[in-house]
Amino acid sequence: MDDRWQQDPDPALRPVARTPEVRFDSHGVPLLGVLHLPAGPGPHPVVVLLHGFPGNERNFDLAQALRRAGYAALVFHYRGSWGVGGAYSWSNVLADAARAVAVAPSLDPSLDAGRVAVVGHSLGGFAALHTTAADPAVRAVAALASFDFGATAEEPAGVLQQTRAMFGSDLLPLHGTSGDALYEEMLANGPAWRLADLAPRLADRPVLLVAGERDTVAPPVRHHAPVAAAYGTRAAGTLAALTLPSDHAFSDHRIALTRAVIDFLDRSL
């Protein structure tokens with residue numbers, strides 16, 4: 001088992017590892033991010049990390065581990081979140097994720113445009129699967145505790161009201177939206193946003209799906225199992241589906257999560 005991601009890089013490597021701040025435009029709004037560049041000349045494969053709603057967990061531990069493993073990792077904020085301009089919406093998250101994936105290889109000369117992957121958590125997992133399905137340049141995708149907005153839009157009234165309340169409870173880092181606006185946007189786009197329906201467009205690329213057994217935000221029975229079943233019928237490509245005995249943030253299984261993601265990327269890029 002290769003655990004190089006638990007070791008600091010060879011101090012003789014040049015250039016040394018760096019963490020530059022980056023800005024790139026998405027639909028007229030500058031997005032803010034941090035690029036984790038590995039030590040050495042490259043070319044380095046690129047991983048775009050997509051965080052969830054509202055972005056309290058940004059998976060910087062995963063970004064640092066990816067860098068030690070030789071992957072460049074981009075973490076950024078969507079429009080309307082955490083001080084970034086523009087209005088927050090699910091549609092804008094999808095558009096910003098697509099833009100980040102398109103520009104990421106150009107953010108540093110050491111990056112390899114032919115080896116790009118997307119890894120997302122929760123809302124970010126939803127966006128990662130949609131972004132990859134729409135962009136054949138993405139080589140592999142990992143969705144961690146992904147929240148299936150399309151399937152949720154079809155849930156019974158009780159689940160829908162819980163979801164509406166959840167959307168309204170985490171708005172402090174966001175602007176240009178409301179819990180009701182996010183809820184109505186989910187209902188309006190539900191049929192087009194089902195993650196299981198992306199299976200044909202992901203049939204030729206490796207997919208990793210990770211769920212948390214104790215996840216109460218995106219319970220695996222509704223958000224993971226149906227997607228894994230749909231993707232498992234693919235005629236081509238590979239699927240890795242894993243359930244860890246943890247919660248939505250994988251709070252007590254970060255090492256296992258990191259190992260799963262890096263092993264998957266090592267096989268796929």
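The values are calculated or read from the model by the stated rules, or taken from the named source; none is laboratory data. Just so it is clear, the model here is predicted, and its values are computed rather than measured. Because the Cβ atoms are built from the backbone with ideal geometry, glycine has one as well, and the counts that use them run over all protein chains shown.
Within region 128-138, does at least one residue satisfy the condition of being touching a strand residue (DSSP E or B) at 6+ places or on another chain (Cβ under 9 Å) and either loosely packed, with under 15 Cβ neighbours inside 10 Å or at pLDDT below 95 (or both)?
Yes.
Would you please list the contacts, defined by Cβ atoms under 8 Å and residues six or more apart or on different chains, that run from a residue in region 138-163 that is on the phi > 0 side of the Ramachandran plot and in contact (Cβ under 8 Å) with a residue 40 or more places away in the chain to a residue that is surrounded by fewer than 18 Cβ atoms within 10 Å (Cβ to Cβ) and not in a strand (DSSP E or B)?
Final answer for the pair search is Ala145/Val217.
Could you please find all residues in region 196-236 being charged (D, E, K, R), more than 23 Å from Ala137 (Cα to Cα) and either part of a loop (DSSP other than H, G, I, E, B) or in contact with a His (Cβ under 6 Å, 6 or more places away or on another chain) (or both)?
Narrowing region 196-236 to residues charged (D, E, K, R): 197, 201, 204-205, 213-215, 222, 234.
With the extra rule that they be more than 23 Å from Ala137 (Cα to Cα), the set shrinks to 213-215, 222.
Passing the criteria: Glu213, Arg214, Asp215.
Tell me the residue from Ser178, Ser146, Ser122 that is more than 27 Å from Gly42 (Cα to Cα), at pLDDT 95 or above and surrounded by fewer than 15 Cβ atoms within 10 Å (Cβ to Cβ), please.
Within the list Ser178, Ser146, Ser122, the selection yields Ser178.
Could you list all residues from region 242-268 that are buried (at least 18 other Cβ atoms within 10 Å of the Cβ) and outside any helix (DSSP H, G or I)?
Within region 242-268, the subset buried (at least 18 other Cβ atoms within 10 Å of the Cβ) is 244, 246, 248-250, 253, 257-258, 260-262, 264-265, 268.
Those that are buried (at least 18 other Cβ atoms within 10 Å of the Cβ) and outside any helix (DSSP H, G or I): Leu244, Ser246, His248, Ala249, Phe250, His253.
Residue check: is Pro245 more than 26 Å from Glu154 (Cβ to Cβ) and at pLDDT 95 or above?
yes
Can you tell me which residue among Ala153, Ala228 is touching a strand residue (DSSP E or B) at 6+ places or on another chain (Cβ under 7 Å) and either of a type outside the set (A, V, I, L, M) or surrounded by 16 or more Cβ atoms within 10 Å (Cβ to Cβ) (or both)?
Ala228
Would you call Ala192 touching a residue at least 40 places away in the same chain (Cβ under 8 Å), surrounded by fewer than 15 Cβ atoms within 10 Å (Cβ to Cβ) and closer than 24 Å to Leu94 by Cβ?
yes
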